Amino acid sequence: MLIVKQKIEYDCDVLIVGGGPSGSALAFHLAKNGTKVIVAEAEKFPRDKVCGDGVSPIALSELDKMGITRTNVFAKANEIKKVGLFLKDDEVYINLSKPEHLKFHARIIPRIELDNMIYGAAKNAGATFMENSRVLKYSISPTAAVVTVKTVRGQSTIKARMVVGADGSRSTIARQLRGSKPSDDYQLLGLRAYYNNVNGPTDRVDIYFSEEGFPGIFWMFPKGKSDANIGMAMVSKTFPKKPDHIKNLLQNHIANHPEIQKRIGTGTLEAKMDGWPITFYNKSQKLCADRVLLVGEAAGFINPLSGDGIQYALLSSSWAAEAIEKCLAQDEFSEFSLNSYVKRVNREVGFDFALSNLLVYFPKNKTLTKVWMQILTILISRAKHDKEYADIIAGIFEGTYPSYKALTLPFILKSIKQGGTDVGKAILERLNHPNELVEDSAEVIHSIFKIIDEVKSNPEEQLKWAGTTLSKTATVAGHLITRIDLNKIRNHL
Ligand SMILES: Cc1cc2nc3c(=O)[nH]c(=O)nc-3n(C[C@H](O)[C@H](O)[C@H](O)COP(=O)(O)OP(=O)(O)OC[C@H]3O[C@@H](n4cnc5c(N)ncnc54)[C@H](O)[C@@H]3O)c2cc1C
């Protein structure tokens, strides 16, 4: 019997929704190998994006493969060689070592420039961009993905073999695929302000922790010769509730922190503070379905500890390109075929995201802020005289090391030892000043009563927090078990 296969006309092989770093990088990889790609982007390039503008060494390696590190914009961008960590009146300055396998130190590249370069590279590789085109929804049939796009001329549809959601933290495609928007448990709020005419150094980023701003961090990233990107990121929901709106927290920090004041000097705010949500990885939610896949922040690929997302946007695009090219070759786009991408994601970053998620979820409970401040004091104290230890801490914030680098036995033992030394020193000092010892004891007792009061006043939230923390710890433990090298243990026995 003769089987006649109907020839289907497609507008493109792959329709990518969103032309940020993940969408444009994916368009670059696919188009350079001959795949017909259309990118539908809601805005027009060059376009800005609220960000810290910190581009990690791993992200730079990906950009290098795309030829973007050979541009003038790249050559002019500030190279970051130091990081300052500030907590209360303590501080440490760490010289960043560069791991040998990475070619560049981190750089500060304003997103209006960075994203425009990736977009340019994708266009040169042959991708078609539809700008000012917002995707409203998609539908999947056995033979195609059909996407509805809104432009100034009205609505139209595009027919593709598959659709990729690269539309960022408020992704329309992720919402449709997953059936809901991201929960507060997986979101941070970010704020960014550009300042002009600030003081140097131009090769040092500063990160500030404070009790009022916790659980959140403030940053100052030098941009160009005399400008800066100043901002803050904080989990969306804490309990007891945050004492203040995040914008007030950033304004107070800028007005009152002596170190940031020194760096701002006579500098002025360029325009206004802009905010944007940051969505991070929820392992229980889908990354793909038949003919649909998510990359970058639409998929939640962010390290919530450092706020780093550009490197994961670029890496996930190159993993997705490999999986999609196989599907195109076999003309098979089922969820099962796309699952090689999901496996790759879990293998490469699953543990890192699980650990970062746990570390960010823990301080949502503001009852324990004082404990966290103490842990940070210990980290800073050790980093002052232990270069290897300092490198790991700086590397986690810079995005050079995954956060599980901190969960090695030597790192934990050094932290515990430092904690013991600091406590010992404090006791000795207090023994020489008995009056202060009495004051300290009163403060400790007051803190313990405060914690008990807060637990009693909000038992449901506290229980939910404890349950979720336990389940996140179990996920991390699961990853740890699969990584345990039994041979190493046998050798030690
Ligand atoms: C305050 C803040 C500070 C940050 N600092 C850093 C940092 O210093 N370093 C770092 O590595 N990361 C940082 N991040 C994270 C980083 O911004 C993201 O990880 C990164 O932008 C993700 O890239 P993406 O391409 O996946 O998404 P995006 O860059 O968000 O791009 C998504 C694109 O999709 C378009 N779009 C959205 N919806 C639609 C639609 N329906 N139809 C068509 N187009 C659509 C948007 O216009 C946009 O161009 C920060 C984030 C925030 C909020």
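Between K225 and K44, 0.36 nm times their residue separation minus their Cα-Cα distance comes to what? Kindly include the intermediate steps, with their values, before the conclusion.
Values: separation 181, 0.36 × 181 = 65.16 nm, distance 2.75 nm.
Extending this stretch completely gives an extra 62.4 nm.
Mind sorting T172, T143, T279, T367 by how few other Cβ atoms lie within 10 Å of their own Cβ, fewest first?
Least crowded to most crowded, the residues run T143, T172, T367, T279.
Based only on other Cβ atoms within 10 Å, what is the fewest-to-most ordering of R170, R153, R347?
R153, R347, R170
Give me the one-decimal nm value for the distance between modelled label points at N256 and R175, 7 Å along each residue's Cα-to-Cβ direction.
With each label point 7 Å from Cα toward Cβ, the separation is 3.7 nm.
Taking just the C-alpha trace of the range 186-278, give me its Rg and Dmax in Å.
Looking at the range 186-278, its Cα Rg and Dmax stand at 13.0, 42 Å.
Only four residue types carry charge here, +1 at the Cβ of Lys and Arg and -1 at the Cβ of Asp and Glu. Report the dipole size of the range 132-235 about the Cα centre in Debye, rounded to the nearest 20.
Charge dipole of the range 132-235: 960 debye, to the nearest 20.
Which one of T377, S356, N339 has its Cα pushed farthest toward the positive end of the charge dipole of the range 326-387, where Lys and Arg give +1 and Asp and Glu give -1 at the Cβ?
Ranked along the dipole, the leading option is T377.
Which entries of K88/K370; K98/K387; K76/K247; K32/K326 show an alpha-carbon separation above 22 angstrom in the structure shown?
K76/K247
Report the gain in length on full extension from T157 to D386: 0.36 nm times residue separation, minus Cα-Cα distance, nm rounded to one decimal.
Once the chain is fully extended between T157 and D386, it gains 76.6 nm.
FYI, it's all coordinate maths here, none of it is from the lab. Here the structure is a predicted model, which means the values were calculated and not measured. Here Cβ is always computed from backbone atoms with ideal geometry, including for glycine, and neighbour counts include all displayed protein chains.
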